[in-house]
Amino acid sequence: MTLISVILAFVLMVAMASHPQVLSQQEEEVKKLEGERSKAQVQGDIGKLDEVLAPEFMELNTAGQIRTKRENIEGHQSGQVHWEKFDLDELSVRVYGETAVVSGHLTRKGTFAGRDLSGQSRYTRYYVRRQGRWQAIFQHSVPAN
């Protein structure tokens, strides 16, 4: 690579970093859905969670547990799960055809079966679009404390 190529590549990277990416309509839809899912967690809105999570949804959470859609929803139905705060930030959304990948930072305050689950994590959630609507199929979280 010539010196000019290196300089041009550097200038291009700086220019791209200094201008926030404009999200596509699909990326905006998924970002909005992330907010709705977060709100549903705090409100214990089982209907919304059922709508957002695909039947085959699985998550690998910060405790290293694998949980299914059924387990997620049952936790809310039984009252074992109680979130006071479920705040998302640093969201990045990328759409690849009928698949979307979201990564972000979560600050949470709540309990599961009386055990404190408050903390921060980084997560990646995968969505697929079926019959015109997005549904989460997988999520992986790691502690960010």
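Brief remarks on what is shown
- When we screen Val52, Val142, Val93 for residues that are touching an Asp or Glu at 6+ places or on another chain (Cβ under 6 Å), in contact (Cβ under 8 Å) with a residue 60 or more places away in the chain and of a type in the set (Val, Ile, Thr), the only hit is Val93.
- Checking every residue in the stretch 111-125 against the condition of being of a type in the set (A, V, I, L, M, F, W, C), in contact (Cβ under 8 Å) with a residue 24 or more places away in the chain and touching a Phe, Trp or Tyr at 6+ places or on another chain (Cβ under 7 Å) gives zero matches.
- Looking across Ile46, Ile66, one residue alone is surrounded by fewer than 13 Cβ atoms within 10 Å (Cβ to Cβ), under 18 Å from the mean Cα position of the chain (by Cα) and modelled with pLDDT of 95 or more. It is Ile66.
- Pairing each residue of the stretch 126-139 that is farther than 18 Å from Thr62 by Cα and at pLDDT below 95 with any residue that is of a type in the set (Lys, Arg) and part of a loop (DSSP other than H, G, I, E, B), provided the two are 6+ apart or on different chains, yields no C-beta distance under 9 Å.
- Filtering the stretch 71-78 for residues that are open to solvent by 50 Å² or more (accessible area, probe 1.4 Å) and on the phi > 0 side of the Ramachandran plot leaves an empty set.
- So Lys85, is it in contact with an Asp or Glu (Cβ under 8 Å, 6 or more places away or on another chain), among the charged types (D, E, K, R), under 25 Å from Asn145 (Cα atoms) and open to solvent by 60 Å² or more (accessible area, probe 1.4 Å): no
- Consider the stretch 34-43 and keep the residues that are in contact (Cβ under 8 Å) with a residue 24 or more places away in the chain and within 12 Å of the chain's Cα centre (by Cα). The one that is surrounded by the fewest Cβ atoms within 10 Å (Cβ to Cβ) is Gly35.
- Once the stretch 110-132 is narrowed to residues that are under 30 Å from Gln26 (Cα atoms) and polar (S, T, N, Q), the residue that is surrounded by the most Cβ atoms within 10 Å (Cβ to Cβ) is Ser121.
The values are calculated or read from the model by the stated rules, or taken from the named source; none is laboratory data. Please read all numbers here as calculations on a predicted model, not as lab measurements. Ideal geometry is used to build each Cβ from the backbone, glycine not excepted, and the neighbour counts take in all protein chains shown. Just the protein is used for accessible areas: all its heavy atoms, side chains included, with ligands, DNA and RNA removed. Shrake-Rupley method; radii C 1.70, N 1.55, O 1.52, S 1.80 Å.
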